[in-house]
Amino acid sequence: MKAIQVHQFGEPAVMQVADVEDLQPAAAQVVVQIQAAGVNPVDAYIRAGSYSRKPDLPYTPGIDGAGIVVAVGEGVTRWQVGDRVYGGWPLSGTYAQQARYSAEQVYPLPEQLSFAQGAAVFVPCSTAYRALFDKGQAQPAETVLIHGATGSVGLAAVQLAKSRGLTVIGTGGSATGRQLVVEQGADYVLDHHADDYLDQVMEFTAGQGVAIIVEMLANVNLGHDLDILALGGRVVIVGNRGTVEINPRAIMAKEATLTGLTLFNTSATAMSQIQAALQASLQNGTLTPIVCQQLTLTEAAQAHEQVMLSGAQGKIVLLPNQPEQTWG
């Protein structure tokens, strides 16, 4: 089979397509033919060697994937060959024509979703759910600011928050991105490049501020976030690309809570609960992943460059088993 291999940490060009052996499942495992592999910023951090978790070299990148079960190991009764699934925490990376999983780490892919959409579920939607309802303790009728709502996590957060009865303010840096956020049901969408957008948040909340902020770029926004929090408000840091200076008095005055998350720290029990909730939302249509670009496996380097740019409008996916793909 074809798979991306990384033999040394570095720039996107270190990812090269290679021929590797087809995968075989051990007991309690399944092998999935990957029809779509999601590309996440964390994939780029790991590839660059700048993330706290470093896989043994060589390795195949990719956490998000969706496809068809092609082999099941001994003792697996939940899955059969031919089942449509999406997965998380693969035992082998998803930037490949096949990936191997523990049987407990794959989930049914609803028929109404494409494989590309399935590859946009595990990391983005699980992160959004955990940010809102675990770390953020979001409650119906509260107001949440999704600070950077046009990416895959932000769009999922908008959809999930609206489905739970929250009032949603989203921000985006481009007109097309903001329109996409509007289409997902946000009540109010702001240009975070505008000089007065924080004033607009306060106007929209009648001067009370927001109960929750899901923050995608803390090094730029965190200091300002504290000024627009309601009393007892919570800031959940999902993304950050540098250092920031804040005044702790702003936290004290609002009796605010600042917290962060990384999906890697999610317990098995919590992840099982999250997937159950996501399954319900996927089935009833209140959660529909947004895919903005589909690339071939040979374009993985391009995908890693694009996923690190500002102005994302959904999920970038790779298509390892695209029939018309030609291999050099």
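The values are calculated or read from the model by the stated rules, or taken from the named source; none is laboratory data. Owing to the predicted nature of the structure, the values given are computational and were not obtained by experimental measurement. Cβ placement follows ideal geometry from the backbone for every residue including glycine, while neighbour counts extend to all protein chains displayed.
Under the condition of being in contact with a helix residue (DSSP H, G or I) (Cβ under 7 Å, 6 or more places away or on another chain) and not hydrophobic (A, V, I, L, M, F, W, C), which residue from the range 58-72 is nearest to A18 (Cα to Cα)?
Step by step, filter the range 58-72, then rank; the result is P61.
Output the number of the condition that A277 fails; it satisfies all remaining conditions of (1) part of a loop (DSSP other than H, G, I, E, B); (2) over 14 Å from the mean Cα position of the chain (by Cα); (3) not charged (D, E, K, R).
Condition not satisfied by A277: (1).
Considering A13, A71, A48, which residue is surrounded by fewer than 15 Cβ atoms within 10 Å (Cβ to Cβ) and among the small types (G, A, S)? Walk me through how you get there before you give the answer.
Working: A71 fails: surrounded by fewer than 15 Cβ atoms within 10 Å (Cβ to Cβ); A48 fails: surrounded by fewer than 15 Cβ atoms within 10 Å (Cβ to Cβ).
A13 is the lone residue from the list that is surrounded by fewer than 15 Cβ atoms within 10 Å (Cβ to Cβ) and among the small types (G, A, S).
Output yes when any residue across the range 102-110 is in contact with a Lys or Arg (Cβ under 6 Å, 6 or more places away or on another chain) and free of Cβ contacts under 8 Å to residues at least 60 places away in the same chain, and no when none is.
Yes.
Can you say whether T298 is more than 29 Å from R178 (Cβ to Cβ) and polar (S, T, N, Q), as far as the supplied structure shows? Even if it seems obvious, please write down each step before you answer.
Numbers: more than 29 Å from R178 (Cβ to Cβ): yes; polar (S, T, N, Q): yes.
When the stated conditions are applied, T298 passes them.
State whether one or more residues within the range 123-140 are assigned by TED's automatic domain parsing to the domain that holds V31, of a type in the set (F, W, Y) and not in a strand (DSSP E or B).
Checked against the condition, which is being assigned by TED's automatic domain parsing to the domain that holds V31, of a type in the set (F, W, Y) and not in a strand (DSSP E or B), the range 123-140 yields no hits at all.
Could you say which residue among E203, E245 is in contact with a Gly (Cβ under 8 Å, 6 or more places away or on another chain), surrounded by fewer than 14 Cβ atoms within 10 Å (Cβ to Cβ) and of a type in the set (D, E)?
Only one candidate qualifies: E245.
If you take the residues in the range 228-242 that are surrounded by fewer than 16 Cβ atoms within 10 Å (Cβ to Cβ) and at pLDDT 95 or above, which one is farthest from the chain's Cα centre (by Cα)? Spell out the reasoning first.
Initially, the range 228-242 is screened for residues surrounded by fewer than 16 Cβ atoms within 10 Å (Cβ to Cβ), giving 231-232, 241-242.
Those left that are additionally at pLDDT 95 or above: 231-232.
Numbers: L231: 29, G232: 27 Å.
Filtering first and then ranking leaves L231.
Tally up the residues in the range 52-75 that are assigned to a loop (DSSP other than H, G, I, E, B) and either under 29 Å from T288 (Cα atoms) or in contact with a Lys or Arg (Cβ under 8 Å, 6 or more places away or on another chain) (or both), please. Can you show your working first?
Restricting attention to the range 52-75, the residues satisfying the condition of being assigned to a loop (DSSP other than H, G, I, E, B) are 52-58, 60-64, 73-75.
Now restrict to residues that are either under 29 Å from T288 (Cα atoms) or in contact with a Lys or Arg (Cβ under 8 Å, 6 or more places away or on another chain) (or both): 60-64.
The number of residues fulfilling the criteria is 5.
From the list G177, G207, G185, G170, which one is closer than 20 Å to K254 by Cα and not aliphatic (A, V, I, L, M)?
Within the list G177, G207, G185, G170, the selection yields G207.
Given (1) within 29 Å of Q313 (Cβ to Cβ); (2) small (G, A, S); (3) over 17 Å from the mean Cα position of the chain (by Cα), where does A116 come up short, assuming only one miss?
It is condition (3) that A116 fails.
How many residues are closer than 19 Å to Q117 by Cβ and not in a helix (DSSP H, G or I) if we restrict to the range 151-205?
3
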